[in-house]
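Notes to accompany the following structure.
The values are calculated or read from the model by the stated rules, or taken from the named source; none is laboratory data. Everything numeric in this text was worked out from a predicted model, so none of it was measured. Here the Cβ positions follow ideal geometry from the backbone for every residue, glycine too, while neighbour counts run over all protein chains shown.
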Ligand code: ADP
């Protein structure tokens with residue numbers, strides 16, 4: 001698994017949830033196992049000690065009845081008859097010297113070491129001692145004072161305890177590993193399933209942001225749970241937003257439309273007055289200003305209506321086979337004066353032939369807006385390069401400037417109607433130019449993109465099909 005995938009997984013809520021669940025599950029299972037292990041081993045140890053205690057009493061009774069010989073006979077008979085392992089028996093005189101010893105074969109290591117054990121005062125400390133023998137098994141020894149003051153030690157290998165506990169330890173790994181793995185995989189699958197509605201909400205929100213299409217909705221499963229409620233509420237919120245935005249756009253378009261007629265009439269009246277009565281006292285100038293301002297407002301209103309029309313898919317295009325490079329030369333000539341005033345060098349890098357079937361008037365508007373922006377947002381002494389290229393069945397136009405650039409977070413928004421960049425407010429403009437550019441390019445079946453770095457410049461890329469393409473709805 002690549003580190004990229006792990007990083008992506010770690011950032012998903014479902015994965016983190018599952019990791020928590022698996023950790024808690026593993027810790028609880030280990031704790032449960034630990035408690036069980038301690039309880040079982042303590043229970044077995046207690047049982048061993050009880051058996052040993054009972055045996056010791058029997059040996060003491062045999063000693064009491066028949067002395068050392070009686071005890072010896074008893075041991076022989078009981079060792080021969082018992083199916084389980086023989087007991088370790090030792091009788092020590094008051095000087096701690098052994099006077100009788102019966103040692104099972106696997107106790108040799110302990111028996112040769114009795115000097116060391118003999119120094120332990122068993123009666124006054126704990127009555128049981130466990131001696132690990134090669135760490136293979138444990139021994140339990142109990143001791144008691146006999147009637148004549150001698151000491152009786154009785155010991156037993158705890159091998160049955162070990163026999164019971166060893167598989168328990170082995171089972172832990174054999175059972176826990178698949179359980180934890182199964183828990184993790186099962187948890188991952190259910191978390192992935194449970195998070196599906198959330199992923200759908202994220203995908204819908206992302207598609208609305210990326211495409212600007214307001215009609216995307218989250219699929220509703222009608223499962224009546226919280227996530228279903230969330231999806232339904234999210235859809236209702238989108239419905240309301242869409243209705244609001246569409247309503248606002250329509251009102252704005254209507255206002256623009258309604259303003260155009262009285263403004264045109266106003267302009268006509270001023271023009272008639274100017275022509276009919278060349279008045280004195282600055283009235284001529286006032287009327288000329290009036291006409292100029294009316295023209296400006298009319299252009300704005302017209303741009304607004306053009307964008308609305310193109311966005312609604314109703315823009316009428318009068319297409320003809322057009323030389324794109326020649327169209328650019330015209331536009332650049334038009335802006336030559338403005339560029340020279342700002343000492344901006346406009347470089348042309350054209351390939352011929354570069355024909356496309358477009359509406360030349362509309363395309364001129366696109367190029368003029370791009371060049372106008374490039375000159376407007378590039379400081380004095382800068383450079384603007386216009387490139388045209390034909391690539392397969394497309395014409396690609398690039399307008400690159402050495403200007404102020406566009407911050408990454410604004411690059412998606414500059415195409416929206418009335419959007420103006422934070423740093424552009426000192427310049428003239430209404431925020432309609434690029435929305436018109438995109439609308440016209442899309443009406444031609446093309447694409448408009450931008451690549452930009454703040455303080456380094458921007459590059460606007462327009463791709464238009466060179467042949468006839470159906471206008472997308
Ligand atoms: P405006 O009337 O503000 O120029 P546009 O729609 O043409 O409106 O552009 C929208 C915004 O995009 C501008 O306000 C500006 O912030 C940014 N912009 C457009 N072209 C450029 C460019 N060549 N360099 C830097 N910023 C640009």
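Check 396, 414 and return the single one that is in contact (Cβ under 8 Å) with a residue 40 or more places away in the chain, surrounded by 14 or more Cβ atoms within 10 Å (Cβ to Cβ) and in contact with a strand residue (DSSP E or B) (Cβ under 8 Å, 6 or more places away or on another chain).
Values: 414 fails: in contact (Cβ under 8 Å) with a residue 40 or more places away in the chain.
Exactly one residue qualifies, and that residue is 396.
Given the criterion without any contact (Cβ under 8 Å) to a residue 12 or more places away in the chain and in contact with a helix residue (DSSP H, G or I) (Cβ under 8 Å, 6 or more places away or on another chain), identify the matching residue among 257, 222.
Numbers: 257 fails: without any contact (Cβ under 8 Å) to a residue 12 or more places away in the chain.
Checking each option against the conditions leaves just 222.
Could you say which residue among 403, 446, 381, 433 is within 8 Å of the ligand (Cβ to nearest atom) and in contact with a strand residue (DSSP E or B) (Cβ under 9 Å, 6 or more places away or on another chain)? Reasoning before the result, please.
Numbers: 446 fails: within 8 Å of the ligand (Cβ to nearest atom); 381 fails: within 8 Å of the ligand (Cβ to nearest atom); 433 fails: in contact with a strand residue (DSSP E or B) (Cβ under 9 Å, 6 or more places away or on another chain).
Result of the check over 403, 446, 381, 433: 403.
So residue 411 passes all but one of these: (1) at pLDDT below 90; (2) more than 24 Å from residue 332 (Cβ to Cβ). Which condition number does it fail?
Of everything listed in (1) at pLDDT below 90; (2) more than 24 Å from residue 332 (Cβ to Cβ), residue 411 misses just condition (1).
Residues 253, 258: which one is part of a helix (DSSP H, G or I) and surrounded by 13 or more Cβ atoms within 10 Å (Cβ to Cβ)?
Values: 258 fails: surrounded by 13 or more Cβ atoms within 10 Å (Cβ to Cβ).
The conditions single out 253.
Does residue 421 qualify as being closer than 25 Å to residue 305 by Cα and either touching a helix residue (DSSP H, G or I) at 6+ places or on another chain (Cβ under 9 Å) or within 7 Å of the ligand (Cβ to nearest atom) (or both)? I'd like the intermediate steps shown before the answer.
Working: closer than 25 Å to residue 305 by Cα: yes; either touching a helix residue (DSSP H, G or I) at 6+ places or on another chain (Cβ under 9 Å) or within 7 Å of the ligand (Cβ to nearest atom) (or both): yes.
Spelling it out, residue 421 is indeed closer than 25 Å to residue 305 by Cα and either touching a helix residue (DSSP H, G or I) at 6+ places or on another chain (Cβ under 9 Å) or within 7 Å of the ligand (Cβ to nearest atom) (or both).
Which of the residues belonging to the range 69-98 are surrounded by fewer than 13 Cβ atoms within 10 Å (Cβ to Cβ) and in a helix (DSSP H, G or I)?
69, 73, 76, 77, 80, 81
So if I check each of 62, 80, which one is without any contact (Cβ under 8 Å) to a residue 60 or more places away in the chain and more than 23 Å from residue 148 (Cα to Cα)? So that I can check it myself, show each step before the final result.
Working: 62 fails: more than 23 Å from residue 148 (Cα to Cα).
Within the list 62, 80, the selection yields 80.
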